Amino acid sequence: MTENQTAEYVPGLEGIVAARTRKSSVDGLAGQLTIGGFPLEELAANATYEEAVFLLWNDRLPTSAELGALRHDLAAARTLSATTTQLLAEAARQRVGAMDALRMGAATLTLGAGDQPFPSEPRQAAMRLVAAFPTIVATYWRYLKGELPIAPEASLGHAANYLYMLNGTVPSAARARALETYLNTVIDHGLNASTFTARVIMSTGSDMISAVVGAIGALKGPLHGGAPGPALDMVFEIGDASRARTVLEEMLARGERLMGFGHRVYKVRDPRADVLSKAAEELYAADGDMRLYELAKAVEATALQVLEEHKPGRNLQTNVEFFTALVLHGLGLETDLFTPTFAVGRVGGWSAHCFEQLAENRLIRPRSQYMGERGRRWTPLAERG
Ligand SMILES: CC(C)(COP(=O)(O)OP(=O)(O)OC[C@H]1O[C@@H](n2cnc3c(N)ncnc32)[C@H](O)[C@@H]1OP(=O)(O)O)[C@@H](O)C(=O)NCCC(=O)NCCS
């Protein structure tokens, strides 16, 4: 037996520990997510996004001077080069998908822009990536809608400025807070596929922009970046709480899955769902249609009952997508913006993992099990018919 036949093959690398990290820990059995040492519930609704980024980059909270410096540096790195803007205009004209536009836009960040030099150091690249992601998404989105992009506003925080660039209105404190809580909630989540992708690219000695562009490609896939739209579609389709049980039971009878429920890792309630449920409640109470929030909560409660009746013992619980959809919809974001907005949050985690990989690098190079034939003899083309 050859060496590669003796090693155990684990499809999807499930259960394999492929990195050591101080960034986050996902405990699927206990339903706990720890980010930079903080329980998610402690961090998400308290931190600004800039504080969460500092935490992941430095493994501690910033002092107020450090936070001021980071806010300043990020705000200064938001503006895109003319080349990036033109590319996004073309992407919108060709109606390329939002994640493809983000991937292409992010790739151009290797170019300098204005007084932002070519980001040669990992620190500069990380700053540029985190700062420019919202500008890329908002610029593309405005062009897609036939509108001109809105220049970033340096006096606004990261989350507030993203909403401002999308619709031209300075958001209320409640709206900025809801987005901030969302971005913090998704900033990192263990060794998920896109984070692993970034670390693999980094481990080859490549650069951080390449690593993050690869990560965007991984996040684009529906098995990872998800399609949070369907969860909300389901709530809209139900329309009235009195119809919830009938509609949900019909869905299950047709063999369909209830969108926004169940999770591969979390076998109890996804802690992100609770944090975002609370964020949604606060957002809708302050600045939204409370009837939609109440309908969604009623649909959730009925779905949990119906799932327990139809799949007893499976413990299928609400996942992050259900309340992501509610929060982002409440912020006025269309569903095509949901996954790019996930990326706007997750780039903080990707960049932090890149730093961590650099600090203790070893080329990530697993093995494969050869399943093909051996010892084939060459047949000349003329004899192959
Ligand atoms: C997220 C998800 C893929 C995780 O799946 P998983 O851990 O691989 O679980 P499985 O696919 O093995 O499903 C286990 C069982 O629970 C059932 N199940 C899982 N999620 C379900 C759901 N949302 N609705 C109904 N049944 C569900 C499966 O039918 C299966 O039942 P069975 O063994 O009787 O056939 C799965 O829960 C799902 O498809 N959820 C709905 C999609 C979703 O919420 N996506 C988010 C975007 S809105």
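The values are calculated or read from the model by the stated rules, or taken from the named source; none is laboratory data. Keep in mind that this is a model prediction, so the values were computed, not measured. Ideal geometry is used to build each Cβ from the backbone, glycine not excepted, and the neighbour counts take in all protein chains shown. The area values use the complete protein model at the heavy-atom level, side chains included, leaving out ligands, DNA and RNA. Shrake-Rupley method; radii C 1.70, N 1.55, O 1.52, S 1.80 Å.
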Requested in this report: Check whether at least one residue in region 268-280 is within 11 Å of the ligand (Cβ to nearest atom) and not aliphatic (A, V, I, L, M), and report yes or no.
Outcome: yes
Query - Complete set of residues in region 12-24 that are loosely packed, with under 15 Cβ neighbours inside 10 Å and either among the polar types (S, T, N, Q) or more than 14 Å from ILE187 (Cα to Cα) (or both) - result: GLY12, LEU13, GLU14, GLY15, ILE16, VAL17, ALA18, ARG20
Query - Residue list for region 231-246, restricted to those being crowded, with 19+ Cβ neighbours inside 10 Å and within 13 Å of the ligand (Cβ to nearest atom) - result: ALA231, LEU232, MET234, VAL235
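Can you tell me which residue among LEU56, LEU88, LEU102, LEU109 is closer than 21 Å to LEU166 by Cβ and in contact with a Gly (Cβ under 6 Å, 6 or more places away or on another chain)?
LEU88
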Report summary line: From the option list ALA52, ALA30, ALA19, single residue qualifying as part of a loop (DSSP other than H, G, I, E, B), at pLDDT 95 or above, closer than 25 Å to ALA193 by Cα and among the small types (Gly, Ala, Ser) is ALA19
Requested in this report: Scan region 212-224 and give yes if some residue there is within 16 Å of the ligand (Cβ to nearest atom) and either more than 13 Å from the chain's Cα centre (by Cα) or open to solvent by less than 10 Å² (accessible area, probe 1.4 Å) (or both), otherwise no.
Outcome: yes
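If a residue must be assigned to a loop (DSSP other than H, G, I, E, B), under 17 Å from GLU334 (Cβ atoms) and modelled with pLDDT of 85 or more, how many such residues does region 226-242 contain?
If we filter region 226-242 for residues that are assigned to a loop (DSSP other than H, G, I, E, B), which is where we start, we get 226-228, 239-240.
From the residues that got through so far, the ones that are under 17 Å from GLU334 (Cβ atoms) too are 226-228.
From what's left, modelled with pLDDT of 85 or more: none.
The number of residues fulfilling the criteria is 0.
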Requested in this report: Go through (1) open to solvent by less than 10 Å² (accessible area, probe 1.4 Å); (2) modelled with pLDDT of 95 or more one by one and return the number of the condition MET371 breaks.
Outcome: (1)
Query - Matching option when the condition is crowded, with 17+ Cβ neighbours inside 10 Å, polar (S, T, N, Q), in contact (Cβ under 8 Å) with a residue 60 or more places away in the chain and more than 19 Å from ALA126 (Cα to Cα), among THR85, THR34, THR48, THR79 - result: THR85
**Report entry** Selection within region 156-188 - polar (S, T, N, Q) and touching a residue at least 24 places away in the same chain (Cβ under 8 Å)
**Finding:** ASN161, ASN167, SER172, THR181, ASN184, THR185
Query raised in the report: Counting only residues that are under 18 Å from ALA126 (Cα atoms) and open to solvent by less than 10 Å² (accessible area, probe 1.4 Å), which one in region 167-198 is farthest from the ligand (Cβ to nearest atom)?
Result: ALA198
Query raised in the report: Of all residues in region 281-316, which are within 10 Å of the ligand (Cβ to nearest atom) and in contact with a strand residue (DSSP E or B) (Cβ under 7 Å, 6 or more places away or on another chain)?
Result: ALA303, LEU307, LEU316
Query raised in the report: What helices (runs of 4 or more DSSP H), lying completely within region 288-378, carry at least 1 residues that are within 16 Å of the chain's Cα centre (by Cα) and within 25 Å of LYS145 (Cα to Cα)?
Result: 320-330, 338-359
Report summary line: When restricted to VAL347, VAL327, VAL320, the only residue open to solvent by less than 20 Å² (accessible area, probe 1.4 Å) and more than 15 Å from the ligand (Cβ to nearest atom) is VAL347
Report task. Enumerate the pairs (first residue in region 249-263 and closer than 20 Å to GLY229 by Cβ; second residue anywhere and open to solvent by 80 Å² or more (accessible area, probe 1.4 Å) and more than 8 Å from the ligand (Cβ to nearest atom)) with beta-carbon separation below 8 Å, excluding pairs fewer than 6 apart on the same chain, so at least 6 apart or on different chains. Result -> MET259/ASP233
Query raised in the report: Which residue pairs have Cβ atoms closer than 6 Å, lie 6 or more positions apart in sequence or on different chains, and pair a first residue in region 232-248 that is under 15 Å from LEU326 (Cβ atoms) with a second residue that is not in a helix (DSSP H, G or I)?
Result: MET234/MET259
